[in-house]
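The values are calculated or read from the model by the stated rules, or taken from the named source; none is laboratory data. This structure is a prediction, so every number in the text was calculated from the model and none was measured. Here Cβ is always computed from backbone atoms with ideal geometry, including for glycine, and neighbour counts include all displayed protein chains. Protein only, heavy atoms only, side chains kept; ligands, DNA and RNA dropped before computing areas. Shrake-Rupley method; radii C 1.70, N 1.55, O 1.52, S 1.80 Å.
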Amino acid sequence: MTSAKPNLKEILSQALAGRWAVPHFNISDMAMLKGLIEAAAETRAPIMIGTSEGESDFLGRRAAMALVKAIRKELGLSIFINADHCHSMATAKAAIDAGYDSVHIDLSKLPLEENIAATKEVVGYALAKSPMISVEGEVGYLVTDSSQVYKQAITVPKESLAKVEEAVRFVEETAVDRLAPAVGTLHGIAANVPNIDIERVHAISKALRKTILVLHGGSGALDEQIKKAIAAGIANVHFSTDIRLAYTAALRQSLAEHPDETTPYKLLAPVVLAVKTKAMEKIKLLGAAGRV
Ligand code: G3H
Ligand code: ZN
């Protein structure tokens with residue numbers, strides 16, 4: 001008799017209970033996905049694949065979903081797809097309609113009331129489609145928008161951080177499965193190292209208990225701080241810029257070393273390896289290796 005593999009919600013709960021975290025990596029193309037799959041297979045780790053609005057438009061939501069689900073089935077991997085940072089109801093609903101395992105509705109820059117009302121609508125829409133879909137909402141906001149390498153130091157203003165009472169109200173009223181509270185990280189990499197407010201993570205985790213807390217902006221954060229954030233209650237960590245940097249550096253080198261090569265999969269072999277190596281580092285950092 002074979003037992004069913006745990007679904008995404010179950011894996012996230014296991015991570016929270018065991019004080020480790022499920023890694024989330026964004027993808028732009030098949031080479032990136034291939035590197036991530038190889039990393040997940042080699043480390044026996046569950047992973048979430050994210051597509052932002054731009055990445056979703058580039059790849060096609062149904063195509064991205066079909067790829068991830070086919071890989072999950074064929075290779076028996078615990079790999080799931082999340083629509084990352086949907087800034088509108090329309091893109092969140094498009095991902096749910098396409099069959100995504102998870103959706104992140106990010107209206108964190110709106111007033112709390114409006115964020116709650118729209119997030120609640122997404123939770124209802126997802127539930128009507130399938131109770132298996134995990135929905136993430138966001139409170140407080142990250143001051144940098146995209147995966148960039150900034151030349152200047154960036155200060156995170158205190159007012160951008162999630163307040164414990166707002167996080168509690170948000171979760172109670174929306175019934176999201178996952179909450180991304182802004183706790184000091186940045187999207188992209190700044191000239192300075194961001195400071196994760198571990199006390200804040202701890203206080204939010206204590207108040208919310210079973211809600212899965214998500215840390216965005218994993219690139220550029222110190223490993224030791226990420227570990228402390230997980231010990232304080234984070235169960236899902238997002239990485240994008242570090243993977244993009246590994247990808248683009250390897251691609252530039254490959255093109256420079258083989259100026260006459262015209263076969264893309266040959267040029268992309270070192271790119272896949274660079275993505276795999278970086279992803280394995282992050283998987284191990286989060287304690288996700290050997291969990292499936
Ligand atoms: O949602 C994606 C992430 O939060 C990525 O952040 O580019 O700083 O790793 P990062
Ligand atoms: Zn993010």
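List of remarks:
- P131 passes every criterion in (1) more than 26 Å from P194 (Cβ to Cβ); (2) surrounded by 14 or more Cβ atoms within 10 Å (Cβ to Cβ) apart from (2).
- Members of the stretch 113-128 found to be among the aliphatic types (A, V, I, L, M) and open to solvent by less than 40 Å² (accessible area, probe 1.4 Å), listed by number: I116, A118, V122, V123, A126
- You will find that of S56, S13, the residue that is within 16 Å of ligand 2 (Cβ to nearest atom) and assigned to a helix (DSSP H, G or I) is S56 and no other.
- Residue satisfying condition, being out of contact with any strand residue (DSSP E or B) (no Cβ under 6 Å at 6 or more places or on another chain) and within 16 Å of ligand 2 (Cβ to nearest atom), within set I230, I116, I189, I196: I196
- Verdict on V183 being at pLDDT 95 or above, in a loop (DSSP other than H, G, I, E, B) and within 13 Å of ligand 2 (Cβ to nearest atom): yes
- Residue that is of a type in the set (D, E), over 21 Å from L215 (Cβ atoms) and modelled with pLDDT of 95 or more, where the choices are E121, E138: E121
- I154 being touching a Ser or Thr at 6+ places or on another chain (Cβ under 8 Å), open to solvent by 10 Å² or more (accessible area, probe 1.4 Å) and either assigned to a strand (DSSP E or B) or among the hydrophobic types (A, V, I, L, M, F, W, C) (or both): yes
- Qualifying residue in the stretch 96-108 (condition: within 15 Å of ligand 2 (Cβ to nearest atom), farther than 21 Å from L12 by Cβ, touching a strand residue (DSSP E or B) at 6+ places or on another chain (Cβ under 8 Å) and β-branched (V, I, T)): no
- Residue that is farthest from ligand 1 (Cβ to nearest atom), among those in the stretch 252-268 that are open to solvent by 50 Å² or more (accessible area, probe 1.4 Å) and touching a residue at least 12 places away in the same chain (Cβ under 8 Å): L255
- Any chance H104 is crowded, with 19+ Cβ neighbours inside 10 Å and closer than 23 Å to V68 by Cα: yes
For (1) free of Cβ contacts under 8 Å to residues at least 40 places away in the same chain; (2) out of contact with any Ser or Thr (no Cβ under 7 Å at 6 or more places or on another chain), each residue gets a yes or a no:
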position	(1), (2)
D29	yes, yes
T43	no, yes
A64	yes, no
L75	yes, yes
M89	yes, yes
K93	yes, yes
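- All positions within the stretch 15-50 that are among the polar types (S, T, N, Q) and more than 17 Å from the chain's Cα centre (by Cα): T43
Per-residue answers, yes or no, for (1) closer than 30 Å to I96 by Cβ; (2) charged (D, E, K, R); (3) touching a residue at least 40 places away in the same chain (Cβ under 8 Å):
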{"residue": "P131", "(1), (2), (3)": "yes, no, no"}
{"residue": "S147", "(1), (2), (3)": "yes, no, yes"}
{"residue": "V176", "(1), (2), (3)": "yes, no, yes"}
{"residue": "G184", "(1), (2), (3)": "no, no, no"}
{"residue": "A190", "(1), (2), (3)": "no, no, yes"}
{"residue": "V201", "(1), (2), (3)": "yes, no, no"}
